[in-house]
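Everything below concerns the one structure shown next.
No value in this document is a laboratory result; all are computed from the given coordinates. As the structure is a computational prediction, the values presented were derived from the model and not from experiment. Cβ placement follows ideal geometry from the backbone for every residue including glycine, while neighbour counts extend to all protein chains displayed.
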Amino acid sequence: MTAQKRLGRNVSLGAHYAVHLPAPDDFAFWRERARGLIQCDVPPDRVSWIEPGGTGDLFAAEGPSRGEKRLPAPPADAPPVRASQRFLAVARSTALHTDPARFGLLYRVLWRLQRNPRLMEDKADPEVRRIEELAKAVRRDAHKMHAFVRFREVAEEDGTPHFVAWFEPDHHIVRAEAAFFMRRFANMRWSILTPRGSVHWDGETMHEGPPARRSDAPSGDPVEDLWRSYYASIFNPARLKVGAMLSEMPKKYWKNLPEAELIPQLIAGAQAKEAQMVSSGSLDMGEKPATLAGVDKAIHTCRNCPIGELDNHAVMGEGPIGAALMIVGEQPGDQEDVAGRPFVGPAGQLLDEYLVRAGIDRSAAYVTNTVKHFKFVWKGKRRLHQSPGAKEIDTCRWWLEAEREIVKPRLVLALGASAARGLLGRTVSISKARGAPLALEDGGELWVTAHPSYLLRLDGEAHETQAALFASDLAAVKERLEELAG
Ligand code: URA
């Protein structure tokens, strides 16, 4: 059978086809035309995809078969076109990009998919990579639109409120994203004006309108004051990361955001406030809870540092109020996180052994941690311990101080450098600080020793030396407790 016969009478062998898209975001139109062309076996280098107002490539414009009308009809017995779900999902977003080459690129990938159905799995393939990149940029643009559209209220002639927003998308996302706003603001009348077109919702029907200019949208009204006070109230100075904030909320969008006016002053204020908080040793987080149950409750919802955002649980200290000895570790480990109790894992078991040897009754002591949540990274299915940073320790001091004010121990024992920092608000070297009491800010007595997990990591002579030092530190603490009790 000749190629001409196989493809049907409508296909001109060697002809170049031009497809004129009715709109730059019309994926459904592209898909239908692309399917027909594939079924007619028209290779990518013989098709030009032309957007409204676009010229496509010159070769297509001059070619013999240019124009939509001349596209061939697929033969009745043409095989179905293969397109994986993955390809369709990526292509739907890619089609909304502003790259003029996107439709041709999508057609090339679709063409290749007919011969290699697993093409989309080849992450090293430059064309697959490129369409994934374009799709990602479009998704990011959509995310920005969801986050940064701000409506201003305008009164209609009949007195009903109408909310109007101005937005400048990078890509052709306005029609595609209108459904998101329709679901979210179903009962409002609103319009979103953009330089790429506008959409209007009257509570029942969506209408499309032409591109708009910024001056077509109102600016400033009482809704904005509400946003501003809301933003200022949720702005958490302890969690400010200027770089991350700028990448999430690029300056380009600031002019449409009423709260953005506040950002420079909030950043400057937050940095000053944070410096003052850290130098004064504690964050101002309002009133400290007056009971251990109150602290327990508060630490479970604490998100003042990023550790609380991980998949973990806060672990509260345990022991009697009025305990003469308070033992402070670094942070709960994996087993403590699961059990909800401090020092129950391997380091806790070693600590218990040494306490027994020193004659210290753990059940009479108050045992807690400097940082209340387990900081870790996933390694496969395992959660690997990560040391807390100075900022995280300083932030969590608030809760440790609250526990100390309630328990009122006569002596505090810090296990390791993180605990020492949590209690003193500055870094000390264990080897220099151990063996003699230090004064806490409020005059309390602090003893510092190594963390038991340090012993677990050592062997040989180093282990012998450190184990002896640890035992002797605990013996000194026991002696001092007896003196204080005396
Ligand atoms: N290490 C600590 O510092 N605290 C615990 O509770 C467990 C291990």
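Observations
- Leading residue at positive end of dipole, the stretch 149-216 (Cβ point charges), from Phe151, Phe163, Trp190: Phe151
- On a per residue basis, the convex hull of the C-alpha atoms belonging to the stretch 345-486 measures out at 124 Å³.
- With both labels modelled 7 Å from their Cα along Cα-to-Cβ, the Lys297 to Lys379 distance reads 4.0 nm.
- Sorted ascending by nearby beta carbons within 10 Å, beginning with the fewest, Lys391, Lys381, Lys123 become Lys381, Lys123, Lys391.
- For the stretch 107-173, applying the loop criterion from DSSP together with a ceiling of 16 other beta carbons within 10 Å to the GluC sites (Glu not before Pro) yields Glu156, Glu157.
- Look at where the Cα atoms of the stretch 328-360 and of the stretch 367-416 average out, and the two centres are 13 Å apart.
- The distance between label points at His207 and Glu353 comes to 8.0 nm (points 7 Å beyond Cα on the Cα→Cβ vector).
- Computed extension length for Arg129-Ala89: 13.0 nm, one decimal, from 0.36 nm per residue of separation with the Cα-Cα distance subtracted.
- When each of the peptides 359-370, 83-94 is scored by how many other beta carbons lie within 10 Å of its residues on average, the order from highest to lowest is 359-370, 83-94.
- Dipole magnitude for the stretch 149-216: about 300 debye, using +1 per Lys or Arg Cβ and -1 per Asp or Glu Cβ, origin at the Cα centre.
- Summarising the label geometry, the points placed 7 Å from Cα in the beta-carbon direction at Ser429 and Asp170 lie 4.9 nm from one another.
- Computed packing ranks the peptides 392-400, 288-296, 206-214 as 392-400, 288-296, 206-214, most packed first, by mean other Cβ atoms within 10 Å.
- Cβ-placed point charges (K, R +1; D, E -1), dipole of the stretch 292-485 about Cα centre in debye, nearest 20: 480 debye
- Packing here is the average count of other Cβ atoms within 10 Å per residue, and on that basis the peptides 476-483, 453-460, highest first, run 476-483, 453-460.
- Applying 0.36 nm per residue to the separation of Glu441 and Glu405 and subtracting their alpha-carbon distance, the gain on full extension is 11.7 nm.
- With θ taken as phi - 60° and the Karplus curve 6.51 cos²θ - 1.76 cosθ + 1.60 applied, the whole-hertz 3J(HN,Hα) list for the stretch 121-137 is 7, 7, 5, 8, 5, x, 6, 5, 4, 5, 5, 5, 4, 5, 4, 5, 4 Hz, x standing for glycine and proline.
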